[in-house]
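Report on the structure given below.
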């Protein structure tokens, strides 16, 4: 917005005018975006006006300048951490969200055990996707709401800390994230970029590895949309002087075998013990290799991957995870014995209707089924049941016989499990022949200049 001439007072920026401009395809100024973000963060702009603007932004899109201004306004709505007193490189990883995606819980302790500092500020479940904070809170006593001073203390003690957006860090994103979840305004690359990059850049990091999902269980269903988002975030990170790389990874079926908060924590512990599903292990090693490369702990990707494998096989990564859990108030007995994690009262197998091969799984439907069970939020005020979820028995390419369990539902409500079962049954496709070729786990890599590697 141009400054007023003479001594005339500046016209106030009204939310209704900002909404109208976005609706009518007019570019907002930095001042207008800043006013909207600041007003909503302070509670001066109500949910219904913020939601109206979000919907207009989803439908119309934002320009690159608006996206940068939104990211900056959300970033500066709170404290930007200064971690210059840490001599080691500060490197984080973020995923755009998927079903069964629990890699952050593996990567933070692996990277920290390898000498990096990992100041990870994460989010809750969004739509059909699970949230890192909800998973962590399924560990009894685990506190994701640490103030900044405590966050720094944990980082100094063990090299990694995983928290949510506090009152000090990116409070605008915390409010807008929750509102987007319940107003069907999630699937916008511009809003996703601003959300992710605002809280990540507030962490005081040197480098960032982005895991941008594509497929039926991702927000970006088409690969070209995932690439666009990756380039948008890489450009934003570069603008802020950070090292950024983005991996375009597959989300056409759930990652790993377990979907649901405590179930996924148990699978994380399996991986940190050198076990767990092959696809989850492979992606964790790939992402860890990039973290070590960008953080200066490896000179090549193979070296970074080998370092990650050694840290897992030696038990050092699991020990670092256990230390972080203890420092954040969690019951470490649940790490030593995952049977102590919350578990559902009932299980129910979903059987295959015919013999053949699993040709496809509609991934978003699996995530939605988990939300229906109580593993996510159907409404903003909903609480999450940490015990419920889905364990996949068959994945794409697996042979099945009629009556074989495709998956097992872990539930605490018969009515919820019945609804979830219908979705799961419809999500599995059984064919006479196996798929001709498996989709690669990593589709491509985009560097910080927006160029494909």
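The values are calculated or read from the model by the stated rules, or taken from the named source; none is laboratory data. Predicted model, so just to flag it, every value in this text is computed and none were measured. No Cβ is skipped: glycine too gets one built from the backbone with ideal geometry, and neighbour counts run over all protein chains shown.
Before moving on, here are some points about what is shown:
- Considering segment 353-373, the residues that are farther than 15 Å from residue 402 by Cβ and surrounded by fewer than 18 Cβ atoms within 10 Å (Cβ to Cβ) include one that is farthest from the chain's Cα centre (by Cα), namely 359.
- The residue that is surrounded by the fewest Cβ atoms within 10 Å (Cβ to Cβ), counting only those in segment 171-187 that are over 27 Å from residue 142 (Cα atoms), modelled with pLDDT of 90 or more and in contact with a helix residue (DSSP H, G or I) (Cβ under 7 Å, 6 or more places away or on another chain), is 183.
- Hits in segment 54-64 (condition: modelled with pLDDT of 90 or more, surrounded by fewer than 20 Cβ atoms within 10 Å (Cβ to Cβ) and under 17 Å from residue 197 (Cα atoms)): 63
- Within the set 212, 227, 244, the sole residue that is surrounded by fewer than 23 Cβ atoms within 10 Å (Cβ to Cβ) and either on the phi < 0 side of the Ramachandran plot or modelled with pLDDT of 90 or more (or both) turns out to be 227.
- Once segment 346-386 is narrowed to residues that are over 19 Å from residue 424 (Cβ atoms) and out of contact with any helix residue (DSSP H, G or I) (no Cβ under 7 Å at 6 or more places or on another chain), the residue that is modelled with the highest pLDDT is 383.
- Listed by position, the helices (runs of 4 or more DSSP H) enclosed by segment 270-342 that each have at least 2 residues that are over 29 Å from residue 87 (Cβ atoms) are 278-294, 333-336.
- Within segment 403-425, the set of residues being out of contact with any strand residue (DSSP E or B) (no Cβ under 8 Å at 6 or more places or on another chain) and over 28 Å from residue 211 (Cβ atoms) comprises 413, 415, 416, 418, 419, 422.
- Tally of residues being in contact with a helix residue (DSSP H, G or I) (Cβ under 7 Å, 6 or more places away or on another chain), within 25 Å of residue 293 (Cα to Cα) and not in a helix (DSSP H, G or I) across segment 98-149: 9
- Segment 333-343: number of residues that are within 13 Å of residue 268 (Cα to Cα) and surrounded by 15 or more Cβ atoms within 10 Å (Cβ to Cβ): 4
- Cβ pairs under 6 Å, 6+ apart, first in segment 424-453 and over 28 Å from residue 410 (Cβ atoms), second at pLDDT below 85 and in a strand (DSSP E or B): 444/452; 446/452
- Filter result for residue 330 (at pLDDT below 95 and crowded, with 18+ Cβ neighbours inside 10 Å): no
- Every condition in (1) under 21 Å from residue 105 (Cβ atoms); (2) surrounded by 24 or more Cβ atoms within 10 Å (Cβ to Cβ); (3) touching a strand residue (DSSP E or B) at 6+ places or on another chain (Cβ under 6 Å) holds for residue 234 except the one numbered (1).
- Only a single item in (1) at pLDDT below 95; (2) touching a strand residue (DSSP E or B) at 6+ places or on another chain (Cβ under 7 Å); (3) outside any loop (DSSP other than H, G, I, E, B) is not met by residue 434, and it is number (3).
- Flag for residue 350 being outside the structural domain of residue 268 (by TED's automatic domain parsing) and surrounded by 17 or more Cβ atoms within 10 Å (Cβ to Cβ): yes
- Of everything listed in (1) in the same structural domain as residue 156 (by TED's automatic domain parsing); (2) touching a strand residue (DSSP E or B) at 6+ places or on another chain (Cβ under 7 Å), the single unmet condition for residue 293 is (2).
- Residue selected from segment 155-170 under the condition surrounded by 22 or more Cβ atoms within 10 Å (Cβ to Cβ), touching a helix residue (DSSP H, G or I) at 6+ places or on another chain (Cβ under 8 Å) and modelled with pLDDT of 95 or more, by the criterion farthest from residue 112 (Cα to Cα): 162
- Tally, over segment 71-97, of residues that are part of a loop (DSSP other than H, G, I, E, B) and surrounded by 22 or more Cβ atoms within 10 Å (Cβ to Cβ): 4
- Cross-chain or 6+ apart pairs with Cβ under 6 Å, segment 35-48 first and under 19 Å from residue 169 (Cα atoms), then in a loop (DSSP other than H, G, I, E, B) and at pLDDT 95 or above: 39/45
- Against the list (1) touching a residue at least 60 places away in the same chain (Cβ under 8 Å); (2) over 14 Å from residue 198 (Cα atoms), the condition residue 71 fails is (2).
- Some residue of segment 228-245 being in contact (Cβ under 8 Å) with a residue 12 or more places away in the chain, assigned by TED's automatic domain parsing to the domain that holds residue 138 and closer than 19 Å to residue 438 by Cβ: no
- Every residue from segment 82-107 that is in contact with a strand residue (DSSP E or B) (Cβ under 7 Å, 6 or more places away or on another chain) and closer than 15 Å to residue 160 by Cβ: 83, 86, 88, 89, 90, 91, 92, 93, 94, 103, 104, 107
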